1. About the Cα centre of region 1-54, what is the dipole size in debye to 20, counting +1 per Lys and Arg Cβ and -1 per Asp and Glu Cβ, all else neutral?
2. Rounded to whole Å, give me the distance from the Cα center of region 14-46 to that of region 56-93.
3. Within the P(r) computed for region 1-100, what percentage of the Cα pairs occupies the region above 22 Å?
4. Label Leu3 and Phe44 with points 7 Å out from Cα along Cα→Cβ: what is the distance between them in nm?
5. Just add up the charged neighbours of Cys63: K/R +1, D/E -1, any other residue whose Cβ is under 13 Å from the Cβ of Cys63.
6. Cβ under 12 Å from Arg46's Cβ, Arg46 left aside: what net charge do those residues give with Lys, Arg +1 and Asp, Glu -1?
Amino acid sequence: MLLISCPNCGSRDETEFHYGGQAHVAYPENPNDLTDREWAEYLFYRDNTKGTFAERWLHSTGCRQWFNMLRDTVTYDIQAVYPMGAPRPDSAGKPTAETGTASLAADSTTTGTAAPSISGTSIAPTSTGTIAPEGATK
Ligand code: ZN
């Protein structure tokens, strides 16, 4: 059982939260310009990181607010909790994420090139645009 520290409410039991999937997956700037494959990759392809992973959580029975968390997927160690729209606190996890997408890129060359550029361009400007990923999750 995890003890999760909500940025608004403090430490609460894991049962009060819902997992929201990978964090920092930004909505494409021009969705109409994407091919069907690129759109499908935006919708369904996520990293499967072993180690530190940035993920979204919803405090569903508390403040009902979304936030991001850095969690080790092996040890379940929660390394950081930070608000939606904020950059990922560590930069150490990035090489791990890149190797994760590189293995995907071996199967499809478009995955490795398209996904990082989409997420890298519009995370910061759309910090309040977290509404779109929230709706997509539910
Ligand atoms: Zn809360």
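FYI, it's all coordinate maths here, none of it is from the lab. Quick caveat: nothing in here was measured; it's all calculated off a predicted structure. All Cβ positions, glycine included, derive from the backbone under ideal geometry; neighbour counts span all protein chains shown.
1. Working: 4 positive and 9 negative charges, 47 e Å.
Taking the Cα centre of region 1-54 as origin, the dipole is about 220 debye.
2. 17 Å
3. Tail of P(r) above 22 Å: 35 percent of Cα pairs.
4. Going from the Leu3 label point to the Phe44 one covers 4.1 nm.
5. Working: positive: Arg12, Arg64; negative: Glu16.
Cβ neighbours under 13 Å give a net charge of +1.
6. Values: positive: Arg56; negative: Glu41, Asp47, Glu55.
Net charge around Arg46: -2.
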